[in-house]
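Read the figures in this text as sums done on the coordinates, not as results from a lab. Note that this is a predicted model, so its numbers are computed, not measured. When we count neighbours, we look across all protein chains shown, and the Cβ atoms used for this are built from the backbone with ideal geometry, even at glycine.
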Amino acid sequence: MPGPPVRRLPRRALLAAALAAATVPATAPTATARAADAHGVDHHDWAFARDFRAGRGEGTRVHGQRLVIGEPRGIITYTDPHRTIKAPSPWEYATWLSPRRELPGRGATEAVVSWNADTPRGTWLQLELRGRYSDGSDSPWVVMGRWAAADTDIRRTSVDDQKDRAASVSTDTFALTDPAGRLRLTSYQVRVTLYRTPGSDRTPRLRRLSVMASGLPQRFTVPASVPGAGAGRELAVPAYSQETHAGQYPQYDDGGEAWCSPTSTQMVLAYWGRRPTRTQLAWVDPAYADPQVCHAARQTYDFQYEGCGNWPFNAAYAATYPGMNGVVTRLRSLGDAETLVAAGIPVITSMSFLPGELSGATYGTAGHIMVIAGFTAAGDVIVNDPAGATNKDVRRVYGRRSFENIWLRTRRHDRKKKTVSGPGGIAYIYWPDEITAKQREALATAAGIRAARE
């Protein structure tokens, strides 16, 4: 099986190195253990009417369970840097400011913002974050994404060159410059700006806003776990290969060879019964197999990053399907993943490893996305790996110990024996509104996600 030529992930997003007092539990934690270990990973959602009402809106209102434009605060002009013709265009806007989120324990060294929203034609939104450091100073407001579901009004984009004396933004991740230093992120706020064409009655509809803040130990190895709730369980996740799309639509990150993230996203969407409509796929060459993968690549493409591997853009795309939700977070053990799989929820993971490090793999990669679809009776990890040469080659079984260490470690050595960062348990988690009580409990216990609808 050829190695996945994932060229974009190393540029930004394997940043998960930090010091913390506690270590990641080897097996799925109880709710009490999760609360006690919250300084390692703190996941917080604003997802219900009461959450949005707790913030401060200027021109926004809560409609049902969604945040929308009420009375716009004014008009701004935005010049899209990714358009061939760069001309300013006017947009009405309204803003919402979250309450301050205080981080427990020693605080965090990085944060990732993700969101679920509907953006009808002529609307878009911007997400910003401002952190407070342990010395009492604040970071500037930094843009964590400018996003619309389609690419017709604006080109969805991250923003480069945002930094201060203590931290910087790398595509989708706010991270301290020196995670081993004494400075920590102790709290943060998020600001959302909703935009629409002037005079329109349309509005973006924000349904969920999530922030994962983490402060993980710097480590090359993690404690070994034992098989748990997921042992012997395999989910029927459809298999799609990124490699079958090699050379297709090279304007989206040089084509399918680099589409591990949207391919994995589309596999999990198909598992939940969500697929693009015939109309949505009309732009794809009918000669191409699995056109939904091409569609996912286009809908997750970040025009600044020049790739489809922006984590929140994948979660936001997943949530454009009816009744779907998506977040980017960190799991702290393979036991967390087992808890989710046992409840029927697949997990998308980020991996980086040298040839020979991952038992069962025939390649190495500086950054790759794959789906945990189950576990063997012995506890080895069953994955849908989009690097398979064909759809039939996508299902793989990887050794438990090597998989968990590669996924959860925050430090590793690259091909040049240089110390670089590891994924630290990063995960995309998608689920529909209509889930069971067991699935809601699994999301809360394993990932700290409030999934119940109100």
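Couple of notes before you dig in:
- Relative contact order, whole percent, for segment 222-447 stands at 27, derived from Cα pairs under 8 Å and 6 or more residues apart.
- Taking the centroid of alpha carbons for each part, segment 360-389 and segment 39-75 are 38 Å apart.
- Rg to Rh quotient for segment 336-454, alpha carbon positions, Kirkwood Rh: 1.01
- Candidate aspartates and glutamates - alpha carbon under 20 Å from Lys416, same-chain residues fewer than 8 apart omitted: Glu357
- Here is the tail figure for the chain: Cα pairs spaced more than 37 Å apart come to 19 percent of all pairs.
- Expected 222 nm ellipticity per residue - DSSP helices of 4 or more, -39500 (n - 2.57), all of the chain, to 500: -4500 deg cm²/dmol
- Dipole magnitude of segment 243-288, debye to nearest 20 (Cβ charges: Lys/Arg +1, Asp/Glu -1, about Cα centre): 400 debye
- Binning the alpha carbon pair distances of segment 222-447 at 10 angstrom intervals from zero yields the distribution 8, 35, 38, 17, 2, expressed in whole percent.
- With bins 5 Å wide beginning at 0, the percent of Cα pairs of segment 162-302 falling in each bin runs 2, 7, 11, 11, 12, 14, 17, 15, 8, 3, 1, 0.
- Pairwise centroid distance, computed over Cα atoms, of segment 80-113 with segment 155-233, Å: 11 Å
- Check: the chain dipole with +1 on Lys, Arg Cβ and -1 on Asp, Glu Cβ, in debye: 620 debye
- Per residue, the average separation of C-alpha pairs within less than 8 Å and at least 6 apart gives the chain a relative contact order of 22 percent.
- Stokes-Einstein D in µm²/s, Kirkwood radius over Cα pairs - segment 131-205 at 20 °C with 1.002 mPa s viscosity: 148 µm²/s
- Listed by chain and number, the aspartates and glutamates whose alpha-carbon sits under 16 Å from that of Lys163, ignoring those within fewer than 8 places in the same chain, are Glu110, Glu128, Asp138, Asp172, Asp178.
- The fraction of all Cα pairs in segment 41-214 landing in successive 10 Å bins from 0 to the largest distance is 10, 38, 33, 16, 2, 0, given as whole percents.
- Normalising the average separation of contacting C-alpha pairs (under 8 angstrom, six or more residues apart) by the number of residues puts the relative contact order of segment 332-454 at 26 percent.
- Given charges at Cβ of Lys, Arg, Asp, Glu: segment 41-214 dipole, positive-most of Val113, Thr203, Ala167: Thr203
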